[in-house]
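Only the coordinates and a few stated rules stand behind these numbers; no lab work does. These figures come from a predicted structure and were not determined experimentally.
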Amino acid sequence: MKSYKELMVPEDAWGEIQSLVSEAANPVTIVSCSIDDGRKTLEHLQVTNRSYLGAIALECGLPNDTRRSGLLHLPLPMDGRRAKY
């Protein structure tokens, strides 16, 4: 499992997301989170902030109850095997 330091890249997608939000036809609200929550979410998802998902994860995080409730949880094997769904 990669740490948040390995998943954070300088050429992230957050600037592009902010541009899309500012040009959106409908109102968009960005709810930010603490840097610690963002880093934990990035590690949980195991994506870089170069992707839209990773950038949103880092900047907005996931509510703690969502992470625990399984709403966005996929049980991933910790030994590197692929999960079968």
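A few comments on the model shown:
- Across q = 0.27 Å⁻¹, segment 4-64 modelled as identical point scatterers on its alpha-carbon atoms has Debye log10 I(q)/I(0) values of -1.09, in the order of the q list.
- Extended-chain gain in nm, criterion 0.36 nm per residue less alpha-carbon gap, Arg50 and Val28: 5.8 nm
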